[in-house]
Amino acid sequence: MPESIWFRDDARPHRPRLSRERIVEAAIALLDAEGVRGFSMRALAARLRAGTMSLYEYVKSKEDVLDLALDEVFGEIEPEEQPTWRATIVRRLTQSRDVMRRHPWVPELTATRPLLGPNALARSQLFYATLAGAGLSGPALNSAVGALSSYVNGYVAAENTWWATVRTPGTDAEIRARAVRYLDEHAPELSRHADVGDGDFDRNFLLGLDIILDGIEARLQTGDRPGRETPRRTES
């Protein structure tokens, strides 16, 4: 007599039908684990326990999945205004750094595609509006946005690469101590100025951001907008 299904703990599990939301969630997890180079539709399908071709019922291509995953993580940045324009920018870029540390693949993808998803657009709109409200416009506004975006993207890309290589605070401290001794011996003039022993990424990120914002604010206060030529004086 064949074994009855009711005598078994469970029947063969039924895989629920896929959805775009499930695909994006799995894609983010795969990117977090393997990075952009380790991402493929085959690997994504395996994570979902689905056939590769079944994914194409919901997305047209791998690039679609990457676009959707990138915009989804942008949703982790809260688009909230703060009491001052500087506070709004600092909060936005601090959160952006946090997102890129949780998802180290983000800087690589932002450099390769337009950021036109709904989450990216909402946050870009606030970013531009904040700086425009401070007094920037035209090329000066675009350059300020570019400088700030490049700062956070570059800082976090370097930070992520460092920790992916060094891995532990103990190793970080050891390398920095050796670098300090080397500079003291071989480049004492540089050693007086370059504090290579300082491994406080959080403080240094905020200090660098403050320096950029100080420059923008100084130009705004003097009426010398970035990108605007200073009028030439004429001799009488």
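Taking the solvent-accessible surface of protein heavy atoms with a 1.4 Å probe, what is the per residue accessible area of the chain in Å²?
Details: 15330 Å² over 236 residues.
Ligands and nucleic acids excluded, the figure is 65 Å² per residue.
Surface composition of the chain: carbon and sulfur make up 53 percent of the accessible area, probe 1.4 Å. As a rough guide to protection, the peptides 66-78, 148-160 ranked by mean Cβ packing within 10 Å, highest first, stand as 66-78, 148-160. Length available on full extension from A33 to E185: 0.36 nm per residue minus the Cα-Cα distance, which gives 50.6 nm. In the chain, the DSSP-assigned H stretches of four residues or longer account for a calculated mean residue ellipticity at 222 nm of -21000 deg cm²/dmol, using -39500 (n - 2.57) per stretch and the full residue count as denominator.
Across the stretch 194-208, computed HN-Hα scalar couplings (Karplus, 6.51 cos²θ - 1.76 cosθ + 1.60, θ = phi - 60°) run 8, 8, 6, x, 7, x, 7, 5, 5, 5, 5, 4, 5, 5, x Hz from first to last residue, x flagging Gly and Pro. If you compute Cα extents along the principal axes in Å for the structure shown, which of (i) 52, 43, 38; (ii) 110, 49, 30; (iii) 59, 35, 33 do you land on? Recomputing Cα extents along the principal axes in Å here picks out (ii).
The values are calculated or read from the model by the stated rules, or taken from the named source; none is laboratory data. Computed from a prediction, not measured in an experiment: that's the story for all the values here. Note: ideal-geometry Cβ built from the backbone for every residue, glycine included; neighbour counts use all protein chains shown. Accessible surface areas use protein heavy atoms only, side chains included; no ligands, DNA or RNA. Shrake-Rupley method; radii C 1.70, N 1.55, O 1.52, S 1.80 Å.
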